[in-house]
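Next up is a structure, given as structure tokens.
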Amino acid sequence: GIEHAAAAGWPSLAMAPVLLVDAIDGNGKFDPFSISGADHWYTLPNHRVRAINNDLAQRAFMPGYLRSVGPGWVGWGVESFMDELAAMTAEDPVTFRLARLDAAGKNAGSTPNAVGGASRLAAVLKDVAKRAGWGKVLPDGEGLGVAVSQGQERRMPTWTACVAHVAVDAPSKAVKVKKIWQSIDCGTVVDPGGAMAQAEGAMLWGLSLALHEGAVIEDGQVRDQNLDAYTPLRMADVPEL
């Protein structure tokens, strides 16, 4: 079984309390943006999720929304843990995920919101793994990483799988992403250019957050006081997409 607890300041509690929703177990209300993505499409025999309001974070500063999409950071935790479980069981990370994307029970999906359910997430994972050449031999210090994600809520189906080719320089510990593959099933695309812009923008911002961005606190204050000291992803760091 898996227990998933996320402690955070709740932006909706600070700015829009009307967006708080009732807990499934009837134990008060919570901010869905603090935990969306934890109700994923993997089939697990036992799965407990807790959304915890971090009172200190709530009082210390105004919590905000990250591009309005919770799974960006919640999904990071889910997928990192899936990798850890695959390693513990000595299973291939793609095979481990596919075995749990069986579209059984609540993960079968429903009409009209999520037709196909987890089977569509499995399909994009298979597609991206094939296109990336998952399992191929790479030079020392290089490897492929994989992750999947879905729409913010279970009734908002967009199925995404991603493989990243990463190189790590051992002496300096510098991380360089050389190439990213992504497969997305978002239903009917009306504006291909707009869909591509969303896919590329989200991918590059995720990469920027993973490798570069973040607020450092020193002596109780934010260290970087101006944009010239804050380093996002630069053009030179953009991998082949």
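Within region 1-50, track down each residue that is in contact with a Phe, Trp or Tyr (Cβ under 8 Å, 6 or more places away or on another chain) and either among the hydrophobic types (A, V, I, L, M, F, W, C) or surrounded by fewer than 11 Cβ atoms within 10 Å (Cβ to Cβ) (or both).
ILE2, TRP10, LEU19, LEU20, VAL21, ALA23, PHE30, PHE33
All but one of (1) under 30 Å from ALA199 (Cβ atoms); (2) modelled with pLDDT of 95 or more hold for ASN53; which doesn't?
Condition not satisfied by ASN53: (1).
Can I ask one more? Could you tell me how many of the residues in region 5-26 are in contact (Cβ under 8 Å) with a residue 40 or more places away in the chain, part of a helix (DSSP H, G or I) and either aliphatic (A, V, I, L, M) or in contact with a His (Cβ under 8 Å, 6 or more places away or on another chain) (or both)?
So the answer is 3.
Another question, then. Can you tell me which residue within region 101-115, out of those that are open to solvent by less than 60 Å² (accessible area, probe 1.4 Å) and assigned to a helix (DSSP H, G or I), is nearest to TYR42 (Cα to Cα)?
This residue is ASN107.
Next question. Select, from LEU66, LEU98, the only residue that is in a loop (DSSP other than H, G, I, E, B) and either hydrophobic (A, V, I, L, M, F, W, C) or within 17 Å of the chain's Cα centre (by Cα) (or both).
Result: LEU66 is the single residue among LEU66, LEU98 that is in a loop (DSSP other than H, G, I, E, B) and either hydrophobic (A, V, I, L, M, F, W, C) or within 17 Å of the chain's Cα centre (by Cα) (or both).
How many residues does region 120-133 hold that are open to solvent by 60 Å² or more (accessible area, probe 1.4 Å) and not basic (Lys, Arg)?
Count: 1.
Can you pull out the strands (runs of 3 or more DSSP E) entirely within region 141-239 that have at least 2 residues that are touching a Pro at 6+ places or on another chain (Cβ under 9 Å) and small (Gly, Ala, Ser)? Working first, answer last.
Values: elements: 142-150, 159-169, 174-185.
Hits in region 141-239: 142-150, 159-169.
Could you list all residues from region 212-241 that are in contact (Cβ under 8 Å) with a residue 40 or more places away in the chain, out of contact with any helix residue (DSSP H, G or I) (no Cβ under 7 Å at 6 or more places or on another chain) and either farther than 30 Å from LEU121 by Cβ or open to solvent by 80 Å² or more (accessible area, probe 1.4 Å) (or both)?
Selection gives GLU240 alone.
Now for a different question. Give the residue, chosen from VAL74, VAL94, that is in contact (Cβ under 8 Å) with a residue 24 or more places away in the chain and touching a Phe, Trp or Tyr at 6+ places or on another chain (Cβ under 8 Å). Before the answer, list the steps.
Details: VAL74 fails: touching a Phe, Trp or Tyr at 6+ places or on another chain (Cβ under 8 Å).
After ruling out the rest, the residue left standing is VAL94.
On to the next question. Quick check on this structure: which one of ARG155, ARG131 is modelled with pLDDT of 95 or more and either over 23 Å from ASP237 (Cα atoms) or not acidic (Asp, Glu) (or both)? I'd like the intermediate steps shown before the answer.
Values: ARG155 fails: modelled with pLDDT of 95 or more.
One residue alone meets the criteria, ARG131.
Another question, if that's okay. Any idea which residue in region 165-211 is nearest to the chain's Cα centre (by Cα), counting only those that are of a type in the set (S, T, N, Q) and exposed (fewer than 15 other Cβ atoms within 10 Å of the Cβ)? Walk me through how you get there before you give the answer.
Of region 165-211, the ones of a type in the set (S, T, N, Q) are 172, 182-183, 188, 198, 208.
Next, only the ones that are exposed (fewer than 15 other Cβ atoms within 10 Å of the Cβ) stay: 172, 188, 198.
Working: SER172: 27, THR188: 23, GLN198: 15 Å.
Only one residue tops the list, namely GLN198.
The values are calculated or read from the model by the stated rules, or taken from the named source; none is laboratory data. Just so we're clear, the structure is a prediction, and the values are computed from it rather than from any experiment. Positions of Cβ are backbone-derived with ideal geometry, glycine not excepted, and every protein chain shown enters the neighbour counts. The protein model used for the area step is the full one, side chains on, heavy atoms only, and it has no ligands, DNA or RNA in it. Shrake-Rupley method; radii C 1.70, N 1.55, O 1.52, S 1.80 Å.
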